[in-house]
Amino acid sequence: MFQPESASPGENFARFWPPSSLAGILSVKVIASSVRKGNILDVDGKLYVVLTAENIHPGKGTPVSQLEMRRISDGVKISERYKTTDQIERAFVEDRDYNFMYKDGDGFHFMNNETYDQLQVAADIVGDYAPYLQENMTVKLSMHENTPVAIQLPQRATLEVVDTEPVTKGQTASSSYKPAKLSNGVRTMVPPHVSTGTRIVVMTEDGSYVERAKD
């Protein structure tokens, strides 16, 4: 999520040094449609972490990218809309691997397995990923001046279905999905053949079903 993508035709990935207020942070110009959740953007000389990124293609009119962002310096949230081909300055900060330890009233606690340094991350940075954190899970934390500003979890997590409708004879995998509750409290939709107690793989981005767990 936090590594430069290869440029597609028409994209300008020319590198440049940012203004003095962001000295030491390398930025690249990317088109708005390539921005993803967790990216760090330089908007008017200030750093923002992207909370959500949606490309909208109306039937008529110009395709746009809708970005919800949080300013790193003070936590203020803003919403911006760009043409999908507009160029935006994307900042690259240092990514480090940390293992999740536990959560308490102060936030989420992680440890660097190489240095054994422990780090506390605020709940608003973890955001919607919180239910998917599992003990000893390795995550990537994006650091700015030794302060965590964004988190990236593994794309998939294995969880148990704790509540769903019973399997009905005659239903197949191609039938309509049914609601289910997972062991982390998240509700999702699963194929009709999945029953309570089944371990499944879901996407940590949105909780969507991928497959039955193979373990």
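The values are calculated or read from the model by the stated rules, or taken from the named source; none is laboratory data. Given the structure is predicted, the values throughout are model-derived calculations rather than measurements. As a convention, Cβ positions derive from the backbone with ideal geometry for all residues, glycine included, and neighbour counts pool all protein chains shown. The accessibility values were calculated without ligands, DNA or RNA, using every heavy atom of the protein model including side chains. Shrake-Rupley method; radii C 1.70, N 1.55, O 1.52, S 1.80 Å.
Scan region 54-95 for residues that are among the charged types (D, E, K, R) and closer than 21 Å to Y129 by Cβ and the total you get is 8. Restricting attention to region 59-81, the residues that are in contact with a Lys or Arg (Cβ under 9 Å, 6 or more places away or on another chain) and on the phi > 0 side of the Ramachandran plot add up to 0.
Conditions tested, residue by residue: (1) open to solvent by less than 90 Å² (accessible area, probe 1.4 Å); (2) under 30 Å from G75 (Cα atoms); (3) not in a helix (DSSP H, G or I).
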| position | (1), (2), (3) |
| --- | --- |
| T115 | yes, yes, yes |
| G127 | yes, yes, no |
| Q134 | yes, yes, yes |
| P148 | yes, yes, yes |
| T158 | yes, no, yes |
| V167 | yes, no, yes |
| P179 | yes, no, yes |
| V201 | yes, no, yes |
| G207 | yes, yes, yes |
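Is it fair to say I56 is surrounded by fewer than 14 Cβ atoms within 10 Å (Cβ to Cβ) and either touching a residue at least 12 places away in the same chain (Cβ under 8 Å) or among the aromatic types (F, W, Y) (or both)? Walk me through how you get there before you give the answer.
Numbers: surrounded by fewer than 14 Cβ atoms within 10 Å (Cβ to Cβ): yes; either touching a residue at least 12 places away in the same chain (Cβ under 8 Å) or among the aromatic types (F, W, Y) (or both): no.
Here the answer is no, as I56 does not meet what is asked.
G61: over 18 Å from M143 (Cβ atoms) and either open to solvent by less than 70 Å² (accessible area, probe 1.4 Å) or not in a loop (DSSP other than H, G, I, E, B) (or both), yes or no? Criteria met by G61. Once region 32-53 is narrowed to residues that are touching a residue at least 40 places away in the same chain (Cβ under 8 Å) and of a type in the set (G, A, S), the residue that is nearest to D128 (Cα to Cα) is G38.
Restricting attention to region 70-94 and to residues that are open to solvent by less than 40 Å² (accessible area, probe 1.4 Å) and modelled with pLDDT under 90, the residue that is nearest to the chain's Cα centre (by Cα) turns out to be R70.
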